[in-house]
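The structure under discussion appears below in the form of structure tokens.
The values are calculated or read from the model by the stated rules, or taken from the named source; none is laboratory data. Predicted model, so just to flag it, every value in this text is computed and none were measured. For neighbour counting, all protein chains shown are included, and Cβ atoms are generated from backbone atoms with ideal geometry for every residue, glycine included. Side chains included, ligands, DNA and RNA excluded: accessible areas come from the protein's heavy atoms. Shrake-Rupley method; radii C 1.70, N 1.55, O 1.52, S 1.80 Å.
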Amino acid sequence: MTADKRPTREAAPVRRPRPAGRAPRRPSPDAPRAAVARTPPAPARRPVPAPASVLRAGRGALGQRVAGLHDRARRAWDRPLTAYYLILGGSLLITSLGLVMVFSASQIQALRFDLPATYYFKKQLVAATLGTVALLVASRLPVKLLRALSYPLLLITVVLLVLVQVPGIGVEVNGSTNWLSVGGPFMLQPSEFAKLALVLWGADLLARKGERGLLTQWKHLLVPLIPGALLICALVMLGRDMGTVMIIAAVLFGLLWLAGAPARMFGTALVCAAAATVVLIAVAPHRMNRLACLGASDPGPDDRCWQALHGLYALASGGWFGSGLGASVEKWGELPEPHTDFIFAITGEELGLAGTLSVLMLFAALGYAGIRVAGRTEDPFVRYAAGGVTIWITSQVVINVGAVLGLLPIAGVPLPLFSYGGSSLLPTMCAVGLLIAFSRSDPAARAALAMRQPGVLRTPGGARRKTMRRPVRKRSSGER
């Protein structure tokens, strides 16, 4: 008897567990559909993160916070109104801190001359008030009006410089005859206004020649800019003020560099200026004495290095945070000119390294803002004028601070916006007002300022939203 043969069911293939991390095999095209359907899909690959994201993730919470602050600061730094706020805020902070230091450094000096303790401070406060008015007025002047005023301002400055040298009219102060008596205790130094006049006149002159395509010819690039600047320098040198001449020369070279002077011409002018400087120093014994005081460690014969040495003493005794406001020792007759040329030394003694670095950072921010204004404008006059003002202020800061630190000879140059002296403060604040006006003339800055005007829209939720549109008067449909 044959065995009953029943149809047996084909045994299902035994699947081995796939090791973790291994990708599934890709089914062949001849495999049945059911097998293909039962094959699990391949896991989706995760996108490879960007290198910056990987680094940021690896830094942790602190690194992400620092990176976020860096990005936020970078976006704020690139805003259209950054230069505007840096110039306005930096100049006002420097002037305010200067008033405080003038009040602290000049009290003993005033008492030595039987004057009230607040004598110099009150005069500086009056000059700062007038300078603030001049700053606000200059910040609102249009460019066309500034260009129209450049030639009259230069002519008036030259006439005043000539009057200074007339016997009986000019006043001598500390060996320099560069002053005119205005009335009472007030005096005017025309050489300080000559810097502003040269900047505006030179900028307008180069802009006009650039519009006609004449700056490619060396005679149009140098004439009449070089003769006009040399005339101003000669009139100032007649009053024995070489420090102001150095700043005027720096402004002149800055204008030539901004105008694109060839390297050979620029180098020749620098060599000629250096030779003239050596001659002027060699023919004057007091200038040779100042040059010999570089790196001096003792007062020397006849105490010729007394001022330079005590300026270093004031800075060294200040330490990190100073001896305290009003607690300076050097201003008690040891350091000459504590409220004018060497006010930076008194600042270091009373406010320490923190105070001096704060002042230098404010000047650095002001200089950066001026360079940014000059670099982003498309108007040649604005570029030359903003660059000239920036070079003027920064070069004067370098000469003054370098003399206090003993790195440069003492040139008798005040620290702009900071030292005592209304004749220096007024034109400098006017120049800062020009920088503010130039920063406002930038199209992006003008649009950002327009958004801050009263024109406002409201969103459907009722929130206020600023708009650049000006409010218009409602009118009937037939009115045009």
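When only the Cβ of Lys, Arg, Asp and Glu is charged (+1, +1, -1, -1), the dipole of region 190-340 relative to its Cα centre reaches about 780 debye. Taking the Cα centroid of region 187-246 and of region 346-399, what is the distance between the two, rounded to the nearest whole Å? Their Cα centres are 21 Å away from one another. For the listed residue pairs K195/K331; K122/K195; K144/K209, the alpha carbons are over 21 angstrom apart in K195/K331; K122/K195. The Cα center of region 255-270 and the Cα center of region 81-154 differ in position by 33 Å. Tell me the relative contact order for region 100-190 as a rounded percent, counting alpha carbon contacts under 8 Å between residues six or more apart. Computed over region 100-190, the figure is 13 percent. Overall, region 147-220 carries a charge dipole of about 420 debye about its Cα centre when +1 sits on the Cβ of Lys and Arg and -1 on the Cβ of Asp and Glu, all other atoms neutral.
Restricting to DSSP loop positions (anything but H, G, I, E, B) with no more than 12 other Cβ atoms inside 10 Å of their own Cβ, which trypsin sites (Lys or Arg not before Pro) remain in region 212-310?
Hits after loop and neighbour filter: R212.
For region 276-355, carbon and sulfur atoms together expose 65% of the accessible surface, with a 1.4 angstrom probe and every protein chain in place.
Using the Cα gyration tensor of region 147-233, with a ≥ b ≥ c the square roots of its eigenvalues, what is the shape: rounded (a/c below 1.5), prolate (a/b larger than b/c) or oblate (neither)? Cα axes put region 147-233 in the prolate bin. Karplus-based coupling profile of region 341-348, in residue order and whole Hz: 5, 10, 6, 5, 5, 5, 4, x, with θ = phi - 60° in 6.51 cos²θ - 1.76 cosθ + 1.60 and x standing for Gly or Pro. Under the classification rounded if a/c is under 1.5, otherwise prolate if a/b is larger than b/c and oblate if not, where does region 89-139 fall, given a ≥ b ≥ c as square roots of the Cα gyration tensor eigenvalues? In terms of gyration-tensor shape, oblate. The P(r) of region 210-310 has a tail past 25 Å containing 36 percent of all C-alpha pairs. Phi-derived couplings, Karplus 6.51 cos²θ - 1.76 cosθ + 1.60 at θ = phi - 60°, listed residue by residue for region 107-115: 5, 5, 4, 5, 5, 5, 9, 6, 10 Hz, with x used for Gly and Pro. Projecting the Cα atoms of T428, A385, A354 onto the charge dipole of region 294-443 (Cβ charges, centred on the Cα centre) puts A385 farthest toward the positive pole.
For N178, the amide hydrogen comes within under 5 Å of the amide hydrogens of V171, V173, counting only partners 5 or more places away or on other chains and with H modelled in the peptide plane.
Among rounded, prolate and oblate, which fits region 85-243 when a ≥ b ≥ c are the square roots of the eigenvalues of its C-alpha gyration tensor, a/c under 1.5 means rounded, and a/b larger than b/c means prolate?
Oblate is the answer for region 85-243, as a/c is 1.5 or above yet b/c matches or exceeds a/b.
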